[in-house]
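One structure below.
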Amino acid sequence: MKELDRPVIFAANHSSHADTSLILHALTDTARDRTVVAAAADYWFKRPLMGNIVSLFLNTFPFSRTGGAQGQLHASSTLLKSGWNLVLFPEGSRSQDGRIHEFKPGVGHLANETRTPVVPVHIRGAQRIMPKGQKLPLPADARVRIGKPMTPTPGEGSREFTTRVEKAVRTLAETPKAEDLQGTWIERWRASKPRELVYGED
């Protein structure tokens, strides 16, 4: 177990708009203050007011899901090199049923380009808190599990590394532990002290 001591990429499954808040709430104050979240540009930033609101409250930045890969890579690399942690949802869009879908290779490209560790994260229960179409959060159980940092091995391609990250997230989903972040959405939101950021066992 160890504290976060350098910029990392958090790679998480995605089933709900509640995912971002749950991840940020699971971090220490220090880690949260240095973490930005990639948000779909075509959804959150198509209206300037909405983009400003989510940026203010959730520390998001626009991330294109439809193209401009080099531009996105450069912007993300700049943030990481400036000392920011980055939250990515490699599935690209929300899962309708809570199941993990295939990860897109962008997280692997970014890790290879910047040599930044990737920390797998699994979120369970978020789709019950804010299912697709739900405007306000509902009371439901949630759990966030944070895995160990991963880096590409010498010669490992971006797609291969992305597949390995996806497998790590799936493994976190399959082996719950008693010390995982638990509780209803309201309980987690009202909690005054965030969970200590630690890396779980494989």
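The values are calculated or read from the model by the stated rules, or taken from the named source; none is laboratory data. Model, not experiment: these values are computed from the prediction. Neighbour counts are summed over all protein chains in view; Cβ atoms, including those assigned to glycine, are modelled from backbone coordinates with ideal geometry.
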State all residues of the range 138-150 that are in contact (Cβ under 8 Å) with a residue 60 or more places away in the chain, crowded, with 19+ Cβ neighbours inside 10 Å and in a loop (DSSP other than H, G, I, E, B); if no residue qualifies, say none.
Ala142
When restricted to Thr163, Thr184, Thr153, the only residue over 23 Å from His101 (Cα atoms), out of contact with any Phe, Trp or Tyr (no Cβ under 7 Å at 6 or more places or on another chain), modelled with pLDDT of 90 or more and surrounded by fewer than 20 Cβ atoms within 10 Å (Cβ to Cβ) is Thr153
Can you find a residue in the range 117-135 that is at pLDDT 95 or above, part of a loop (DSSP other than H, G, I, E, B), closer than 18 Å to Ser76 by Cα and not small (Gly, Ala, Ser)?
yes
Residue by residue through the range 80-98, note down the ones that are under 17 Å from Leu27 (Cα atoms) and without any contact (Cβ under 8 Å) to a residue 12 or more places away in the chain.
none
Looking only at the range 89-116, which residues are buried (at least 16 other Cβ atoms within 10 Å of the Cβ) and assigned to a helix (DSSP H, G or I)?
Gly106, Val107, Gly108, His109, Leu110, Ala111, Asn112, Thr114
Matching residues in the range 71-88 (modelled with pLDDT of 85 or more and surrounded by fewer than 21 Cβ atoms within 10 Å (Cβ to Cβ)) number 6
Quick test for you: out of Glu201, Glu196, pick the one residue that is under 30 Å from Thr78 (Cβ atoms), exposed (fewer than 15 other Cβ atoms within 10 Å of the Cβ) and at pLDDT below 75.
Glu196
